[in-house]
């Protein structure tokens, strides 16, 4: 039995810090890859970050990157503990699907497959996801992290949003995710899935 457990541990997908559960300070918490209710697809794309600590984080100089080499450099903003921060391609609520972002970016694209990373102001990798067809990504529905404390780069840590916002798309920009779970049973199941997958 011990041997089986050790074999399972050896096959466990690890986070950036080598943990099964994420201890990253700032995490990718939700993203809209294929909006439907916005004026154009580009206008409705957005990313939500979450402060996964008990401390305030100054986002000045932090960076979001994708697999195309495009970057978003964040300006000074004091993000409170357990706070949300939304970056979007468009700040006009009549065009972007009906929400108000914290920051508007340009020359940055999110696709239904790809990579998103967070680097801090020292260019150190803090969080990363690489998503493909196995991930819960659907037209008009954001991809939500079930718990910000779960491993980032694992499709089982994510699910489709269930709440309607703005002009009719599904998602929770700047709010707790609709699929959020923090029960003992759910945390145990996430832990088990991280082992067996």
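For this structure, a couple of remarks:
- Residue 45 being within 15 Å of the chain's Cα centre (by Cα), crowded, with 18+ Cβ neighbours inside 10 Å, within 16 Å of residue 172 (Cβ to Cβ) and in contact (Cβ under 8 Å) with a residue 12 or more places away in the chain: yes
To keep it simple, each residue is scored yes or no on (1) on the phi > 0 side of the Ramachandran plot; (2) modelled with pLDDT of 95 or more.
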| position | (1), (2) |
| --- | --- |
| 4 | no, no |
| 14 | no, no |
| 44 | no, yes |
| 48 | no, yes |
| 61 | yes, yes |
| 73 | no, yes |
| 80 | no, yes |
| 99 | no, yes |
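- Test result for residue 129, under 14 Å from residue 29 (Cβ atoms) and under 13 Å from the mean Cα position of the chain (by Cα): yes
- Some residue of region 180-191 being at pLDDT 95 or above and under 27 Å from residue 71 (Cα atoms): no
- Residues in region 43-62 that are in contact with a strand residue (DSSP E or B) (Cβ under 8 Å, 6 or more places away or on another chain) and assigned to a helix (DSSP H, G or I): 44 only.
- Test: residue 151 is touching a residue at least 24 places away in the same chain (Cβ under 8 Å), under 29 Å from residue 164 (Cβ atoms) and buried (at least 20 other Cβ atoms within 10 Å of the Cβ): yes
- Identity of the residue in region 59-80, more than 13 Å from residue 118 (Cα to Cα) and either in contact (Cβ under 8 Å) with a residue 24 or more places away in the chain or touching a helix residue (DSSP H, G or I) at 6+ places or on another chain (Cβ under 8 Å) (or both), that ends up surrounded by the most Cβ atoms within 10 Å (Cβ to Cβ): 79
- Residues of region 132-150 that are part of a loop (DSSP other than H, G, I, E, B) and under 11 Å from the mean Cα position of the chain (by Cα): 142, 146, 147, 148.
- Residue, nearest to the chain's Cα centre (by Cα), within region 16-39, restricted to residues that are modelled with pLDDT of 90 or more and part of a loop (DSSP other than H, G, I, E, B): 33
- Matching entry among 65, 82 (being under 18 Å from residue 27 (Cβ atoms) and assigned to a strand (DSSP E or B)): 65
The values are calculated or read from the model by the stated rules, or taken from the named source; none is laboratory data. Just so we're clear, the structure is a prediction, and the values are computed from it rather than from any experiment. Here Cβ is always computed from backbone atoms with ideal geometry, including for glycine, and neighbour counts include all displayed protein chains.
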